[in-house]
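Here the structure comes first, spelled out in structure tokens, and everything after it is commentary.
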Amino acid sequence: MAAIQPELNYLYDLRENRRFQRVPVTLFGRYMLESRREYPCQTVEMSPGDMTLFAPVKAEIGEKVVVYLDEIGRFAGVTTRQTNSGFILTMNLPPMKRDKLADQLTWFANRHAISLPEDRRHDRVVPLMPRTLLRLPDGQEIIAKIKDISLSGVGLETDARPPLGTAVIIGSTPAKIVRHFEGGIGAEFDKPFNPGDIDEATRL
């Protein structure tokens, strides 16, 4: 089967007279600023030459940043632009690492496009009683609405924006924040439920 080609943006590298394919990809990790402070992050778009990060603390333009992404490792670069939700990091990778990253990004993009079976998430259901309590590490308690729930995680409609990686309790279930989306957050349970435990009558 021929690989499905995703829609791509491009970053033009004037020095090497080539274009880098920029793909939408969500990878989780952490980044370290020049102050040596570390924060959780996730990628929004990435190419072999740069990455757009969703980040709780923005790096200054020109600041050197080190990023560690869970699935593909460590990258270092310089901040070239700030965005509404983070910043863009430009990298100058050695040819071998750049080519390897290009292959990895192509794989991630195609995996998403064709929904390979090993990457499908658990089926999600919408509960009949969607209200729950979101407890943050500082003791703050926030009423949230469950958007959907699966064996492995839950989507919550809330204005709260705990940083990615934050340990929380949803109802009585320990979880960590893994995603931000418009109008809410996504959390992954510390211990997935067993098949059959989740249905429309489930309350967290």
(message) Show me the ranking of peptides 159-167, 51-59, 94-102 by mean Cβ neighbours inside 10 Å, starting with the highest.
(response) 51-59, 159-167, 94-102
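Taking a probe of 1.4 Å, how large is the accessible area per residue of the stretch 120-190, in Å²?
Values: 3790 Å² over 71 residues.
Value returned for the stretch 120-190: 53 Å² of accessible area per residue.
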(message) Checking the cross-link filter: which lysines have an alpha carbon closer than 30 Å to that of Lys97, excluding same-chain neighbours under 8 positions apart?
(response) Lys58, Lys64
(message) I'd like the accessible area for Asp190: 1.4 Å probe, protein heavy atoms, all chains in place, Å² to the nearest 10.
(response) 100 Å²
(request) Taking the convex hull of the Cα atoms, report for the stretch 35-113 its projected area averaged over all directions, in nm². (result) 5.3 nm²
(request) Provide Tyr31, Tyr39, Tyr68 ordered by accessible surface of protein heavy atoms (probe 1.4 Å), highest first. (result) Tyr68, Tyr39, Tyr31
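Tell me, in nm to one decimal, what length is gained between Val57 and Asp159 on full extension, where the rule is 0.36 nm per residue of separation less the Cα-Cα distance?
Details: separation 102, 0.36 × 102 = 36.72 nm, distance 1.81 nm.
34.9 nm is the gain from fully extending Val57 to Asp159.
For the stretch 25-77, what D do you get in µm² per second when you plug the Kirkwood radius from alpha-carbon pairs into Stokes-Einstein at 10 °C and 1.306 mPa s? Please list the in-between numbers first.
Values: Rh = 11.1 Å.
Calculated translational D: 144 µm²/s.
How high is the FRET efficiency from Lys97 to Thr26, r the C-beta distance, R0 25 Å, rounded to 0.05?
Numbers: r = 21 Å, r/R0 = 0.85.
Plugging the Cβ-Cβ distance into 1/(1 + (r/R0)^6) gives 0.75.
Once you wrap a convex hull around the alpha carbon atoms of the stretch 131-179, what is its projected area averaged over all directions, in nm²? Kindly include the intermediate steps, with their values, before the conclusion.
On the way: hull surface 12.5 nm².
Here the figure is 3.1 nm², rounded to one decimal.
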(message) Under the 0.36 nm per residue contour assumption, what length would be gained going from the current alpha-carbon distance of Val66 and Lys145 to full extension?
(response) 24.9 nm
(message) Using a Cα-Cα cut-off of under 27 Å, which lysines could be cross-linked to Lys147, ignoring same-chain neighbours fewer than 8 residues away?
(response) Lys176, Lys191
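The values are calculated or read from the model by the stated rules, or taken from the named source; none is laboratory data. Every value quoted in this text rests on a predicted model; they were computed, and no experiment measured them. Using ideal geometry, Cβ is built from the backbone for each residue, glycine included, and neighbour counts are taken over all protein chains shown. Calculation scope for accessible area: heavy atoms of the full protein, side chains included, ligands and nucleic acids excluded. Shrake-Rupley method; radii C 1.70, N 1.55, O 1.52, S 1.80 Å.
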